[in-house]
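The values are calculated or read from the model by the stated rules, or taken from the named source; none is laboratory data. Note that this is a predicted model, so its numbers are computed, not measured. We place every Cβ from the backbone using ideal geometry, glycine too, and count neighbours over all the protein chains shown.
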Amino acid sequence: MRGRFITFEGGEGTGKSSHAATLAQKLGAFGVGVVLTREPGGSPGAEIIRHVLLSGAAKPLGPEAEAILFAAARDDHIRNTIEPALARGRWVICDRFVDSTRVYQGAVGGVDEQLLRALERVTVGELRPDLTFVLDAPIEIALARAAQRRGGDAVDRFEDEGQEFHERLRDSFRVLAMSEPNRCVLIDASGSREAIAEQIWAVVSKRLNPATAPVRLEGIAP
């Protein structure tokens with residue numbers, strides 16, 4: 001039986017990484033074999049490209065070049081991590097996927113939609129998430145969380161953008177969630193971590209019914 005594919009989307013500091021990890025732990029405890037991964041990254045080649053993108057080294061090349069680099073990372077990630085795991089019956093939980101490119105480089109960055117769709121056809125093909133959580137929080141809350149998470153580390157390429165950029169990100173992710181209600185679930189991420197996690201688990205239980213997944217004993221894979 002092919003595994004399920006769940007993605008987490010949203011702006012900076014909305015809690016995607018932590019809630020993806022929490023869901024992976026819950027599913028693992030439930031007996032479901034899980035692969036927890038991220039974009040950009042998630043495979044050796046994609047992690048190299050991640051460093052280039054988040055360091056800001058590609059920013060002077062423009063959003064089109066960044067979109068192409070994201071696509072190259074995604075292609076490596078899908079071929080080496082996502083598809084093999086799904087074929088083995090594992091549930092893949094991914095912190096960001098193609099929706100982030102549609103929003104960051106497309107809706108906000110202004111990259112032509114035809115270019116983005118062409119890149120998707122080449123890299124993603126027919127692969128689509130079974131379920132996407134779009135985490136949403138007021139910009140002030142989200143950026144404060146991002147700063148707390150970062151600690152003394154330098155801001156990355158996207159956290160370093162201004163207030164208007166992050167407001168546009170939030171608006172674009174909300175529009176995306178409302179445009180695909182069968183796949184996307186908009187989550188108010190301004191509340192407590194525990195309450196949000198419970199809401200996410202309720203949606204997963206109702207829509208994907210992990211009780212029917214084959215039990216696997218190996219737990220969560222890196």
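Specify the residue that is surrounded by the fewest Cβ atoms within 10 Å (Cβ to Cβ); the eligible residues are those in segment 4-56 that are touching an Asp or Glu at 6+ places or on another chain (Cβ under 8 Å), among the aliphatic types (A, V, I, L, M) and without any contact (Cβ under 8 Å) to a residue 40 or more places away in the chain.
49
Looking only at segment 164-197, how many residues end up being over 17 Å from residue 7 (Cβ atoms) and surrounded by 14 or more Cβ atoms within 10 Å (Cβ to Cβ)?
Within segment 164-197, residues that are over 17 Å from residue 7 (Cβ atoms) and surrounded by 14 or more Cβ atoms within 10 Å (Cβ to Cβ) number 7.
Could you tell me whether any residue of segment 89-97 is small (Gly, Ala, Ser) and closer than 26 Å to residue 189 by Cβ?
No, the conditions are met nowhere in segment 89-97.
Scan segment 105-130 for residues that are out of contact with any Lys or Arg (no Cβ under 8 Å at 6 or more places or on another chain), under 24 Å from residue 83 (Cα atoms) and assigned to a helix (DSSP H, G or I) and report the count. Show your work before the answer.
Here is the first cut: in segment 105-130, the residues out of contact with any Lys or Arg (no Cβ under 8 Å at 6 or more places or on another chain) are 105-106, 109-115, 117-122, 125-127.
Filter once more, so that each one left must be under 24 Å from residue 83 (Cα atoms): 115, 117-122, 125-127.
Cutting the leftovers down to assigned to a helix (DSSP H, G or I) gives us 115, 117-122.
Of the residues in that region, 7 qualify.
Please name all residue pairs, on different chains or six or more residues apart, with Cβ atoms under 8 Å, provided the first residue is in segment 131-158 and is in a helix (DSSP H, G or I) and the second residue is at pLDDT below 85 and surrounded by 15 or more Cβ atoms within 10 Å (Cβ to Cβ).
143/159; 146/159; 150/159
Might you let me know whether segment 104-120 holds any residue that is of a type in the set (Lys, Arg), out of contact with any Cys (no Cβ under 7 Å at 6 or more places or on another chain) and surrounded by 19 or more Cβ atoms within 10 Å (Cβ to Cβ)? Walk me through it before giving the result.
Narrowing segment 104-120 to residues of a type in the set (Lys, Arg): 117.
Among the residues that remain, those that are also out of contact with any Cys (no Cβ under 7 Å at 6 or more places or on another chain) are: 117.
Cutting the leftovers down to surrounded by 19 or more Cβ atoms within 10 Å (Cβ to Cβ) gives us none.
So far as segment 104-120 goes, no, none of its residues is of a type in the set (Lys, Arg), out of contact with any Cys (no Cβ under 7 Å at 6 or more places or on another chain) and surrounded by 19 or more Cβ atoms within 10 Å (Cβ to Cβ).
Test of understanding: among 82, 93, 68, which residue is at pLDDT 95 or above, closer than 25 Å to residue 205 by Cα and in a helix (DSSP H, G or I)? Steps first, please.
Working: 93 fails: in a helix (DSSP H, G or I); 68 fails: closer than 25 Å to residue 205 by Cα.
Selected residue: 82, the only one of 82, 93, 68 that is at pLDDT 95 or above, closer than 25 Å to residue 205 by Cα and in a helix (DSSP H, G or I).
Testing residue 1 on (1) within 27 Å of residue 143 (Cβ to Cβ); (2) in a loop (DSSP other than H, G, I, E, B), one condition comes back false. Which one is that?
Here residue 1 meets the rest and fails (1).
Look at segment 57-82 and say how many of its residues are surrounded by fewer than 16 Cβ atoms within 10 Å (Cβ to Cβ) and touching a strand residue (DSSP E or B) at 6+ places or on another chain (Cβ under 9 Å).
0
If residue 60 satisfies every condition in (1) at negative phi; (2) in contact with a helix residue (DSSP H, G or I) (Cβ under 7 Å, 6 or more places away or on another chain) but one, which is the exception?
So residue 60 meets the others, but not (2).
Only one of 186, 169 is part of a strand (DSSP E or B) and modelled with pLDDT of 80 or more. Can you tell me which? Talk me through it step by step, then tell me what you get.
Numbers: 169 fails: part of a strand (DSSP E or B).
Residue meeting the stated conditions: 186.
Output the residues belonging to segment 88-103 that are touching a residue at least 60 places away in the same chain (Cβ under 8 Å) and either buried (at least 23 other Cβ atoms within 10 Å of the Cβ) or closer than 24 Å to residue 60 by Cβ (or both). Walk me through how you get there before you give the answer.
Just the residues of segment 88-103 that are touching a residue at least 60 places away in the same chain (Cβ under 8 Å), to begin with: 88-97, 99-100, 102-103.
Result: 90, 91, 92, 93, 94, 96, 97, 99, 100, 102, 103.
Pairs please, first residue from segment 106-117 and over 21 Å from residue 11 (Cα atoms), second anywhere and of a type outside the set (D, E, K, R), Cβ atoms under 7 Å, 6+ apart in sequence or on different chains.
115/67
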